[in-house]
Amino acid sequence: MQIKRFIEPDMRKAMRRVRKTLGPDAVILETNETADGIEISAAVDYDPAEYERDRAARAAATATADWQIESTRDWLQERAAESPTIDSGDATIVNMEVTTLREEVQNMRALLEMQVSKLAWDDASRRTPELTRVMRHLTGLGVTPDVVTNLTSDITPGSSADDSWTASLRKLVDELPVCDEDIVMDGGVFAVIGPTGAGKTTSIAKLAARYALTKGAEDIALVTIDTFRIGARAQLETFGEILGANVYQANDADSLNDTLRNLAHKKLILIDTAGMGAHDLRLTRELAVIGEAEQPIRTLLTLPANLQTGALQDIADTFAVAKPCACILTKTDEASTLGGVFSVLMRSELPLAYVANGQRVPDDFHLAQSRQAWLVKAAVELMNKQEFPITDDALSRLFGSQVFEPQQSPEEVVNEYA
């Protein structure tokens with residue numbers, strides 16, 4: 001029996017993920033509401049007796065920590081009953097003792113969870129070495145644990161390690177969301193958005209050059225609404241002169257509407273925006289200017305590949321309010337890992353339109369449609385250059401209590417490794 005847990009924002013997404021991961025024959029065992037949404041436990045090849053045994057094992061693994069918490073609570077209640085009236089000095093001492101005990105209990109629980117996770121990982125490594133080897137490699141790519149779990153869900157016990165690794169990479173290539181077409185070639189109005197230093201202006205130059213090489217520069221117009229950055233227009237005008245395209249500036253929603261009306265004869269209009277942090281209050285104003293335009297404006301989000309996963313996810317979440325139709329992956333030549341990018345794209349279901357791997361215009365700019373395998377290969381090459389391997393301790397913390405359902409009780413596992 002294979003049991004997995006899924007946490008999604010709502011039931012609909014959770015059920016979709018269950019079907020995608022475990023197939024149509026999956027059995028729903030439990031559903032719970034959590035702070036993150038809906039948690040579902042599902043299984044294939046369901047065996048009620050085995051499920052009850054596994055649930056008992058999970059309960060036993062945390063019983064010691066729960067007992068410590070209950071004992072501490074009882075001790076505090078007894079102390080309060082014995083001393084119904086205490087002065088401020090005694091109250092301070094009691095509060096300090098309570099805080100100390102709470103920290104000790106939390107530390108004990110964390111230590112117990114870490115030990116159980118390590119035992120679970122060791123047990124899984126012994127039982128399914130091909131699976132754990134692939135998980136180690138995917139983690140080395142920088143892929144997040146939830147995406148690792150998805151990419152390894154089809155690996156069957158007994159398959160060779162090389163075949164399993166190849167299959168997981170092929171699945172990664174297949175599941176990377178990409179655009180099916182070169183979206184700017186059909187023309188329209190596009191605003192390139194993203195944080196400071198993401199490469200928005202350079203990406204606009206590359207998009208314009210790509211269009212000009214095929215259809216000519218006379219149908220292109222470049223617009224900047226960046227009124228914050230010194231020299232922002234000058235940089236765009238430099239690109240415009242090279243391409244033979246005029247550059248215009250709009251300071252607010254009204255002037256942007258006037259500009260777009262005057263440029264209605266142009267087939268492709270590219271709008272450069274200010275580079276701001278994901279939490280900059282001015283960002284709302286800038287996105288409002290785009291959203292209030294009379295003419296529909298499609299947005300392209302620039303994601304710099306040289307950032308850490310958390311920062312990339314923060315960018316994707318913050319700029320989601322602008323409803324980007326696709327993204328441009330920049331600075332892939334400066335990245336130390338690419339797995340974080342893959343994880344954010346797959347989590348956000350944001351299609352990748354273009355990939356930039358340098359500053360040359362337009363040479364270092366490619367359609368993502370033909371670059372999935374290239375990106376995955378580049379990620380593997382970066383992993384092979386890493387100086388510090390992924391340790392078993394790190395893997396056990398990530399997966400020990402999440403991916404593997406215990407096949408034995410904690411006592412049996414402890415006895416086996418004692």
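The values are calculated or read from the model by the stated rules, or taken from the named source; none is laboratory data. Computed from a prediction, not measured in an experiment: that's the story for all the values here. Please note: Cβ atoms are built from the backbone with ideal geometry, for glycine as well, and neighbour counts cover all protein chains shown.
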(request) List every residue pair whose Cβ atoms lie under 9 Å apart, where the two residues are 6 or more positions apart in sequence or sit on different chains, the first residue falls within segment 196-216 and is outside any helix (DSSP H, G or I) and buried (at least 21 other Cβ atoms within 10 Å of the Cβ), and the second residue, located anywhere, is modelled with pLDDT under 90 and not polar (S, T, N, Q). (result) Ala198/Gly275
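Every residue, every condition in (1) within 23 Å of Arg371 (Cβ to Cβ); (2) surrounded by 18 or more Cβ atoms within 10 Å (Cβ to Cβ), yes or no:
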residue	(1), (2)
Glu292	no, no
Pro296	no, no
Thr302	yes, yes
Leu307	yes, yes
Gly310	no, no
Asp317	no, no
Ala322	no, yes
Ile328	yes, yes
(request) Among the candidates Val184, Val143, Val105, single out the residue that is modelled with pLDDT of 80 or more, more than 30 Å from Ala14 (Cα to Cα) and β-branched (Val, Ile, Thr). (result) Val184
(message) Step by step: first the residues of segment 18-40, then only those that are in a helix (DSSP H, G or I) and not hydroxyl-bearing (Ser, Thr, Tyr), then the one that is surrounded by the most Cβ atoms within 10 Å (Cβ to Cβ). Which residue is that?
(response) Val18
(request) Just give me the residues in segment 346-382 being of a type outside the set (Gly, Ala, Ser), closer than 17 Å to Asp174 by Cα and in a helix (DSSP H, G or I), in sequence order. (result) Met346, Arg347, Gln369, Gln372, Trp374, Leu375, Val376, Lys377, Val380
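Being surrounded by fewer than 21 Cβ atoms within 10 Å (Cβ to Cβ) and without any contact (Cβ under 8 Å) to a residue 12 or more places away in the chain is true for just one of Thr139, Thr156, Thr149. Which residue is that?
Only one candidate qualifies: Thr156.
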(request) State whether the residues of segment 397-410 include one that is modelled with pLDDT of 85 or more and either in contact with a Pro (Cβ under 7 Å, 6 or more places away or on another chain) or in a loop (DSSP other than H, G, I, E, B) (or both). (result) no
(message) Among (1) more than 24 Å from Asp186 (Cα to Cα); (2) at pLDDT 85 or above; (3) more than 20 Å from the chain's Cα centre (by Cα), there is one condition Ser336 misses while meeting the rest; what is its number?
(response) (3)
(request) Could you list, in sequence order, all residues of segment 337-385 that are among the small types (Gly, Ala, Ser) and out of contact with any helix residue (DSSP H, G or I) (no Cβ under 9 Å at 6 or more places or on another chain)? (result) Ser370
(request) Mind counting the residues in segment 174-195 that are touching an Asp or Glu at 6+ places or on another chain (Cβ under 9 Å), under 20 Å from Leu263 (Cα atoms) and surrounded by 20 or more Cβ atoms within 10 Å (Cβ to Cβ)? (result) 2
